[in-house]
Amino acid sequence: MIELTGLTKTYQDHSALKNVDLFVQEGEIFGIIGKSGAGKSTLLRCINLLERPDSGQVIVDGENITELSPHPLRLARHKTAMIFQQFNLLNSKSVYDNIALPMRIQGIDEDRIRIKISELLNLVELDEKIHTYPSQLSGGQKQRVAIARALSTSPKILLCDEATSALDPQTTDAILSLLQKIHALYGITILLITHEMAVVKSICHRVAVMDAGKIIENTAMAQVFSKQDSIARSMLYAQLSPTLPHCIEEKMSLVPSNQPILRLFFEGQDATVPFISQTSRELSLDINILLANIDRFDTVTCGVLIVELNANKPLLQSFIKRCEQFNLTVEILGYVHNHAL
Amino acid sequence: MSITMLYDLLIATGETLYMVFASTFFALLLGLPLGTVLFTSARIKPNPAIHHLIAGFINFSRSIPFIILLVALIPLTRLLVGTSIGIHAAMVPLTLGATPFFARLVDNAYQSLPKGLIETGQSMGASTWQTIFHLLLPEAMPHLIHAMTVTAITLVNYSAMAGTVGGGGLGDLAIRYGYQRFDLTIMLITVLILVVIVQAIQVGGDKLAKRFLHD
């Protein structure tokens with residue numbers, strides 16, 4: 001559905017895209033993740049030519065849109081719709097007129113517009129807000145209106161530019177499940193960019209990691225976990241892993257003692273085995289759980305544990321060995337010389 | 001104060017209002033497209049040649065003091081109106097003096113809109129005209145009304161100046177009676193009427209702008 005080849009874009013002395021290739025299949029929810037300044041926003045804007053790449057091809061639905069003259073380009077843009085971080089609703093227009101806007105631009109008659117709007121407002125659950133103005137809506141409601149507006153002309157592709165970054169976590173979840181619902185309903189191809197792994201994790205089928213103008217990884221979400229060196233995987237873990245409270249961190253040092261602090265990652269089947277209690281029993285080892293978190297990504301359950309052991313060196317070695325037998329990733333964070341808590 | 005004096009005041013007030021509103025109207029008619037092209041040629045459909053031409057013209061004409069413009073335009077006024085004296089003649093320099101001013105305010109109004117607005121239109125596949133009519137103008141409307149108010153008030157000022165060169169209106173009256181005949185009462189009354197006119201325009205403009213502001 002979207003095929004980008006050799007995209008390059010340079011602003012003055014800063015190069016935003018360096019020879020980027022990307023392929024997005026029809027009906028896919030594709031996530032591009034990266035830090036701000038990684039070039040993901042430029043990349044997204046190249047797909048509807050809000051940014052024109054210096055070189056490279058942008059093929060959308062079989063058409064190389066970089067070669068189009070202004071009029072056919074406008075028609076090609078009718079196939080893609082975009083939602084924005086700041087929603088970009090028109091404050092001067094009511095919810096109704098905002099949603100009608102792209103349809104009026106395409107010259108759709110008012111009777112069909114009216115029918116379409118009531119259908120869309122029903123979908124985004126904002127029926128009663130039809131004559132409200134955007135300033136009276138919350139952030140989440142504004143994004144719902146923007147989604148309804150984007151869908152009004154039945155586009156094939158929905159581009160989401162940090163669509164949830166201005167929203168709180170609960171609203172983010174609600175918007176993401178709305179996107180999922182839309183995807184299930186219309187089979188629309190969704191390409192989203194975000195800096196939050198949580199967004200990618202909850203709805204994407206594929207993820208590309210962008211850094212310094214390049215795509216450094218491109219994987220199906222289901223395969224993220226089978227690749228030990230996957231960047232997306234380590235980002236998922238970073239997101240999963242809680243940070244140690246300051247009071248523990250300041251007691252920690254790198255000088256070995258009998259109280260090591262370890263971080264354990266587990267995933268898939270291992271998460272269901274009562275590993276800690278079994279290990280504690282078999283090695284007669286005291287394990288003090290300081291922090292724990294568990295989550296499910298796609299079909300894989302994974303978790304992280306931060307534990308304090310009461311173990312001398314040989315005991316620690318056998319603990320680590322046992323972890324490895326159970327496919328747990330172990331990392332020694334440091335040692336405390338009295339108890340951590 | 002005599003009846004004829006009162007009559008003169010009434011006529012002069014009418015003339016001032018007529019000059020101000022008519023030249024505001026013409027300044028809008030010319031300045032809105034000019035300001036819109038100025039903005040459009042920079043931000044929607046970039047055309048540096050047109051943009052610099054218009055920007056240059058606006059800056060040039062705004063740098064000419066109005067009193068000089070008033071005199072310099074006399075040949076043009078004669079050509080258009082047939083005379084260089086009277087309220088109709090005064091409307092030529094008034095309109096041409098206010099047009100670049102209003103055009104610049106229009107450009108400022110558009111520039112104060114959020115950056116994402118034009119992008120939104122483009123992402124919908126809007127043409128330049130559609131972007132202007134469906135997005136730019138409605139979103140900028142309250143700002144444009146403020147710009148119109150400021151322009152009308154500036155024209156009240158200019159019209160008084162036009163009075164000094166035979167343009168008629170309250171400025172003319174103030175100069176002839178107040179200044180040349182030292183009639184302080186007339187001078188004060190004219191100033192008072194001007195204050196009321198300016199107030200009325202400001203309040204009216206604010207009210208109108210509020211109707212377009214939905215927050």
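Overview of values
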read-out: Convex hull volume of region A:24-63 per residue (C-alpha atoms, cubic angstrom); value: 84 Å³
read-out: Cβ-Cβ FRET estimate between B:Thr185 and A:Asp109, R0 fixed at 41 Å, reported to 0.05; value: 0.05
read-out: Angstrom value of the Kirkwood radius, inverse mean 1/r, which spans all Cα pairs in chain B; value: 18.7 Å
read-out: Neighbour-count order for A:Ser55, B:Ser84, A:Ser15, fewest beta carbons within 10 angstrom listed first; value: A:Ser55, A:Ser15, B:Ser84
read-out: Derived scalar couplings ³J(HN,Hα) [region A:287-294; Karplus, 6.51 cos²θ - 1.76 cosθ + 1.60; whole Hz; x for Gly, Pro]; value: 10, 10, 7, 8, 8, 8, 8, 9
read-out: Quotient of C-alpha Rg and 2.2 N^0.38 Å, computed over chain A; value: 1.22
read-out: Inter-label distance for A:Gln25 and A:Thr299, nm, one decimal - labels placed 7 Å from Cα along Cα-to-Cβ; value: 1.4 nm
read-out: Region A:45-123 - convex hull of the alpha-carbon atoms, volume per residue in Å³; value: 130 Å³
read-out: Hull-based mean projected area of region A:10-149, where the convex hull spans the alpha carbons, in square nanometres; value: 10.4 nm²
read-out: Residue-averaged beta-carbon neighbours from other chains (10 angstrom radius) around A:67-74; value: 2
read-out: Percent of Cα-Cα distances greater than 17 Å, calculated over region B:31-145; value: 60 percent
read-out: At R0 = 51 Å, FRET efficiency that the Cβ-Cβ distance of B:Asn47 and A:Ser318 yields, to 0.05; value: 0.10
read-out: Calculated FRET efficiency for the pair B:Val203/A:Ser138, C-beta based, R₀ 51 Å, to 0.05; value: 0.90
read-out: Equivalent ellipsoid dimensions for region A:201-341 as semi-axes, Å, which come from the Cα gyration tensor, largest first; value: 30, 18, 13
read-out: Overall Cα dimensions of region B:101-215, principal axis frame, Å, largest first; value: 66, 29, 16
read-out: Residue order, fewest to most beta carbons within 10 Å, for B:Val203, B:Val37; value: B:Val203, B:Val37
read-out: DSSP-defined beta bridges in the protein assembly as shown - what % are antiparallel, rounded to 5; value: 70 percent
read-out: Among the listed pairs A:Lys40/A:Lys321; A:Lys35/A:Lys181; A:Lys35/A:Lys251, those beyond 30 Å (Cα-Cα); value: A:Lys40/A:Lys321; A:Lys35/A:Lys251
read-out: Eligible lysines near B:Lys115 by straight Cα distance, threshold 18 Å, same-chain separation 8 or greater; value: A:Lys93, A:Lys142, B:Lys45
read-out: Largest-first ellipsoid semi-axes for region A:1-82, taking √(5λ) over the Cα gyration tensor eigenvalues, angstrom; value: 20, 16, 11
read-out: Sparsely packed trypsin sites (Lys or Arg not before Pro) within region B:146-215, loop by DSSP, other Cβ within 10 Å at most 13; value: B:Arg181
read-out: Inter-part distance where region A:82-139 and region B:1-57 are each reduced to a Cα centre, Å; value: 36 Å
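Every number here is computed from the coordinates shown, using simple stated rules; none is lab data. Note that the structure is a prediction, hence the values are computed from the model and not measured. Note that we place each Cβ from the backbone using ideal geometry, even for glycine, and neighbour counts take in every protein chain shown.
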